[in-house]
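The values are calculated or read from the model by the stated rules, or taken from the named source; none is laboratory data. Everything numeric in this text was worked out from a predicted model, so none of it was measured. Reconstructed Cβ throughout: ideal geometry from the backbone, glycine too, with neighbour counts over all protein chains shown.
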Amino acid sequence: MTILDRPPLEWKRPPIPCKVKLQVLINQGGRSAVDGEKLGRIEDTNFDHRPPLEARKFDTKAWDTIPPANDPAHIEAITDAQHDRRTNGPGGTRRITTRGSDTGERARTRKIQRSHVEHQTAMKAKAKGQPRPKSAKPKRPIRGRSTFPKGRGFQSRRSA
């Protein structure tokens, strides 16, 4: 049995059975888990995994997340608008930020992991006495105000 930090790429989330959805609605008393507002039709209700499946540990022997993906205790029934806000962050037609949302946290986690791997590689190379690997984008100093190209000016102002 091996426990992974997150589900492997080849694992697909199993669909939530109707029995589990009904159990979640009964557990919540037909109200949203976010603000307690009464839920409407089941077609307009979204079922959100808490914590998100991407953030859960994964058991390779059971081939499921820890806790299991379809555990009613870790699924919340919420409205479409609340699910959109949780997944994508605040904002209407334009997103202000994704910080704190499921999507933003996934991107942040991937960025931190990538940075950590680059750091570990650099430290191993340094310990062996090898030169530091070049980054993909060369660093350049910020141009000062005096180095910007000068405009030609207006003809009418020069003649006056």
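Does any residue of the stretch 51-64 turn out to be at pLDDT below 85, of a type in the set (Lys, Arg) and within 30 Å of residue 27 (Cβ to Cβ)?
Taking the stretch 51-64 first, the residues at pLDDT below 85 are none.
There is no residue in the stretch 51-64 that is at pLDDT below 85, of a type in the set (Lys, Arg) and within 30 Å of residue 27 (Cβ to Cβ).
So residue 105 clears everything in (1) surrounded by fewer than 15 Cβ atoms within 10 Å (Cβ to Cβ); (2) within 30 Å of residue 43 (Cα to Cα); (3) at pLDDT below 90 except one condition, right? Which one?
(1)
Please specify each residue of the stretch 19-31 satisfying the condition of being crowded, with 17+ Cβ neighbours inside 10 Å and in a loop (DSSP other than H, G, I, E, B).
Hits for the stretch 19-31: nothing passes.
Write out, first by first residue and then by second, each pair whose Cβ atoms fall under 7 Å of each other, whose residues are 6+ apart or on separate chains, and whose first residue, in the stretch 49-73, is over 17 Å from residue 2 (Cα atoms) while the second is acidic (Asp, Glu).
Pairs that qualify, where the first residue is over 17 Å from residue 2 (Cα atoms) and the partner is acidic (Asp, Glu), are 50/76; 52/102.
Out of 13, 41, 31, which single residue is within 19 Å of residue 68 (Cβ to Cβ) and free of Cβ contacts under 8 Å to residues at least 60 places away in the same chain?
Working: 41 fails: within 19 Å of residue 68 (Cβ to Cβ); 31 fails: within 19 Å of residue 68 (Cβ to Cβ).
Within the list 13, 41, 31, the selection yields 13.
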